[in-house]
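The values are calculated or read from the model by the stated rules, or taken from the named source; none is laboratory data. Model, not experiment: these values are computed from the prediction. No Cβ is skipped: glycine too gets one built from the backbone with ideal geometry, and neighbour counts run over all protein chains shown. What goes into the accessible areas is simple: the full protein's heavy atoms, side chains included, and nothing from ligands, DNA or RNA. Shrake-Rupley method; radii C 1.70, N 1.55, O 1.52, S 1.80 Å.
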Amino acid sequence: MVQRNPCIANIKAGYLFPEIAKRRREYAAANPDAKIISLGVGNTTEPIPPHINEALVEGARRLGTVEGYSGYQDEGLLELREKISQVFYGGKFKANEIFISDGAKCDIGRLQLLFGEETGVAVQDPSYPVYVDGSVLIGAAWKHNGKGYDGIDYLPCTLENDFFPDLSLVSENTLIYFCSPNNPTGAVSTKEQLTALVKTAIRKKSVIIFDAAYSEYIRDPSLPKSIFDIEGARECAIEVNSFSKPAGFTGIRLGWSVVPMELKYESGESVNADWNRVCSTIFNGASNIAQAGGIAALDDEGRKETRSLTDFYLGNAKLIRDALQGLGISCTGGDNSPYIWSHFPGRDSWEVFSEILEKCQVVTTPGAGFGPAGEGFVRFSAFGHRQDVEEACRRLGKL
Ligand code: PGU
């Protein structure tokens, strides 16, 4: 019989969010009358706003006409790529530096194909589990340092360091996954901090994969929304972003990556050219309907709509944070991000998850699921209908 890919056996546990869904199902089966509210997975709940939705409908309608029909579209519609450059990067990227995709998670998975087994991996700890699980799945970091799976550098982000890691822990020749606004801590790195990150990457001959999936939640104008706001980043960074969280496209699927022409491997070869090669070989582009919606999300009307959608979720975040703080539970995040990172010192985070589920019928995400430094914390997601969030906040009083 064919053999199992040994990398799959190296993944330590099941993917975090299906595990949470399983525990929720088990609780619901044992408590059929419970009205469970989910503040667990960061899944959008509000309808697509009208202007953007109309563009999706129109995109689908066009496909039913001879003149409007379109098929495969390679790296994505030129209009969308140009619009992304203008809206998010002040026009400083050419269309061929922006690749349209079916979402940030999918890009994070595919990007790992660019870098060999000798390349190390560094992650903020805690972090979005896809960085570590995806790296292990693909065998990245396997040979780096000769330490196998342990070749991944965990960079603790704790209360003590204000959730910004000690960059001296990054090894040379490493892919540094960095997410700001951060999932799960809700922390947003300052310009000075990202400048230090870029300098470290250049000094250590490393590449930053910057996940900006929550950039549209930043309200403080002094905080950078992109790694490319930082001088020198074009030589050492790739950025992924998505329409999921600002426009509610979690189910529609539309994202992008930016791979600057200046980014080169050790050998001097172009990362951009290889990324084009990878995408055209194992990916056939984002849905053209989704792209029609994406273009509308970036015009003036669409920008207003995404702003009010993100304002709405930030309103939820404030309610959750106030409720927790009112109970004397310390927490961070939620002001420039849709996640609230709440601290239960000395407690096992899966145990706190179960306690909140049992006492309040509210689903959260245990911090340990995001990495060892997440122990003692629980993440609350602000994605929910307002009345559910209000009800969840009332029930938290039972803790
Ligand atoms: N990047 C970060 C940092 C994320 O938190 C998420 C979603 C994504 C990317 C995914 O973006 P797409 O463009 O939709 O692919 N994180 C959610 C959902 C869980 C999941 O498995 O993606 C969360 O609850 O953490």
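Only helical runs count toward this figure. For the chain, summing -39,500 (n - 2.57) over DSSP H runs of n ≥ 4 and dividing by all residues gives -11500 deg cm²/dmol at 222 nm.
Of the beta bridges in the chain, as assigned by DSSP with both residues counted there, near 50 percent are antiparallel. In the complete set of protein chains, residue-level accessible area for residue 11 is approximately 40 Å², probe 1.4 angstrom.
Within the straight-line cut-off of under 27 Å between alpha carbons, the lysines reachable from residue 398 are 22, 35, 318, 359, sequence neighbours fewer than 8 places apart in one chain being disregarded.
Projected label points at residue 330 and residue 72, each 7 Å from Cα along the beta carbon direction, are separated by 5.6 nanometres. Normalised by the number of residues in the stretch 53-298, the mean separation of alpha-carbon contacts (under 8 Å, six or more apart) gives a relative contact order of 25 percent. The H on the amide N of residue 187, modeled in the peptide plane, is under 5 Å from the matching H of 182, each at least 5 residues off or on a different chain.
Taking all protein chains together and rolling a 1.4 Å probe, residue 318 ends up with roughly 100 Å² accessible.
What net charge do the residues around residue 157 carry, taking every other residue with its C-beta under 11 Å from that of residue 157, with Lys and Arg at +1 and Asp and Glu at -1? Before the final figure, lay out the partial values.
Values: positive: none; negative: 125, 160, 162, 166.
Here the charged neighbours net out to -4.
Taking all protein chains as shown and a probe of 1.4 angstrom, residue 79 keeps an accessible surface of around 110 Å². Kirkwood radius and radius of gyration were both taken over the C-alpha atoms of the stretch 148-250, and their ratio Rg/Rh is 0.96.
Give me the count of lysine pairs in the stretch 53-298 whose alpha carbons sit under 12 angstrom apart, restricted to pairs 8 or more positions apart or on different chains. Each step should come with its number before you reach the end.
Values: 83/92; 83/94; 191/225; 205/264.
Lysine pairs meeting both conditions in the stretch 53-298 amount to 4.
Taking packing as the residue-averaged number of other Cβ atoms within 10 angstrom, the listed peptides 183-190, 45-52 run from highest to lowest as 183-190, 45-52. Modelled label positions at residue 300 and residue 276, each set 7 Å beyond Cα in the direction of Cβ, lie 3.5 nm from each other. Could you tally the net charge around residue 170, taking each other residue with its Cβ under 13 Å from the Cβ of residue 170, Lys/Arg +1 and Asp/Glu -1? Within the 13 Å Cβ shell, the charges total 0.
Each Lys or Arg adds one and each Asp or Glu subtracts one; over the other residues with Cβ under 11 Å from the Cβ of residue 54, this totals -2.
Per the 1.4 Å probe, what fraction of the accessible area of the chain, in percent, lies on carbon and sulfur atoms? Walk me through the numbers on the way to the answer.
Numbers: 8930 of 17070 Å².
Accessible surface attributable to carbon and sulfur in the chain totals 52 percent.
One chain, two ends: residue 284 and residue 359. Fully extended at 0.36 nm per residue, the span grows by 22.3 nm beyond their Cα-Cα distance.
What number comes out for accessible area per residue over the chain if the probe is 1.4 Å? Units Å², please. Mind dumping the intermediate values first?
Numbers: 17070 Å² over 399 residues.
Per residue, the chain has 43 Å² of solvent-accessible surface.
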